[in-house]
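First up is the structure itself, then whatever we jot down about it.
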Amino acid sequence: MQSNYYSKNLNSQKLYDVYQTRYPRVKTYLAEEIAFVKARLQGIEDILELGAGYGRIMKELAPHCKSITGIDISEDNVAFGGDYLQDTPNSKLIVMDAHKISPKVFEAPFDVVLCMQNALSSMKVEPFSYTEKIMSLLAANGRVFISTYSAKFWQHRLEWFLEQAEKGLLGEIDLEKSKDGVIVGKDGFCSVTHSRSELDEIGKSTGCPYEIQEVDESSVFLVITKK
Ligand SMILES: C[S@@+](CC[C@H](N)C(=O)[O-])C[C@H]1O[C@@H](n2cnc3c(N)ncnc32)[C@H](O)[C@@H]1O
């Protein structure tokens, strides 16, 4: 499997084009995923987004928080984000490998850390130890929002990925191997999901209060509060 598929093959303009989908149902999924977080902000939070791309989610949430920092491994995404976020003064997008996060690399703890749009899969992290790392970046009572796809959204997700392949953004999708929440490309691309029970195990492993919530029958959120 290719590592960092997104940073090598699917960044900047191409990543932007991924989100210009022809499918209204996918647009609703993307909007509702952001709306779920927006509704849970008070406007005073310092937020960190992991695997932030060119800042698509950051731009939507910036008016609803104190500050939002995004990290992404792709220099091209961050350069593209410079333009995309130019009218978003409380945002900062930086090149950083999400595998290297630790409290030492940031000036202060965050009130909210976001790991959305199935980012645990895109960033190829081991979810249990990585969630533990995320928790170390949070202030007391801070929250992490981890989202993955709902199983109910499978057909729409598959259609969206086929659209991306058709537009030349992704390589050909292997339809025989793509099943059970995993999308497989013939070029080594692989996008997995996390089941509700796995999210439950991840939440439990932190020893902190957590909730799991399905949104719009398209995404599933694990929200953990640091105590
Ligand atoms: C599916 S995109 C999502 C982008 C953004 N969260 C959004 O929803 O618009 C996944 C992103 O994760 C980034 N990524 C992959 N591996 C990473 C890593 N190790 N560290 C930081 N970012 C990473 C990719 O460059 C890509 O921008």
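What are the pairs with Cβ atoms under 6 angstrom where one residue, in segment 83-97, is at pLDDT 95 or above and the other, located anywhere, is of a type in the set (S, T, N, Q)? Sequence gap at least six, or different chains.
Once the first residue is at pLDDT 95 or above and sits in segment 83-97, its partners that are of a type in the set (S, T, N, Q) give L85/S91; N90/S67; K92/T69.
Here is a check on your reading of the model: is E176 more than 15 Å from the ligand (Cβ to nearest atom) and either over 20 Å from the mean Cα position of the chain (by Cα) or in contact (Cβ under 8 Å) with a residue 60 or more places away in the chain (or both)?
yes
Would you please name the residue that is farthest from the ligand (Cβ to nearest atom), looking only at residues in segment 36-71 that are in contact (Cβ under 8 Å) with a residue 60 or more places away in the chain and not in a loop (DSSP other than H, G, I, E, B)?
Only one residue fits best here, namely D46.
Any chance you could count how many residues in segment 1-16 are part of a helix (DSSP H, G or I) and either within 12 Å of the ligand (Cβ to nearest atom) or in contact with a strand residue (DSSP E or B) (Cβ under 6 Å, 6 or more places away or on another chain) (or both)?
Of the residues in segment 1-16, 9 are part of a helix (DSSP H, G or I) and either within 12 Å of the ligand (Cβ to nearest atom) or in contact with a strand residue (DSSP E or B) (Cβ under 6 Å, 6 or more places away or on another chain) (or both).
Against the condition part of a strand (DSSP E or B) and either within 13 Å of L50 (Cβ to Cβ) or not aliphatic (A, V, I, L, M) (or both), how does S147 come out, does it pass?
yes
Could you look through segment 160-210, keep only residues that are in a loop (DSSP other than H, G, I, E, B) and among the hydrophobic types (A, V, I, L, M, F, W, C), and pick out the one that is farthest from P24 (Cα to Cα)?
C208
Among the residues in segment 124-143, are any in a strand (DSSP E or B), more than 10 Å from the ligand (Cβ to nearest atom) and of a type in the set (F, W, Y)?
no
The values are calculated or read from the model by the stated rules, or taken from the named source; none is laboratory data. Model, not experiment: these values are computed from the prediction. Cβ sites come from the backbone with ideal geometry, for glycine too, and all protein chains shown count toward neighbours.
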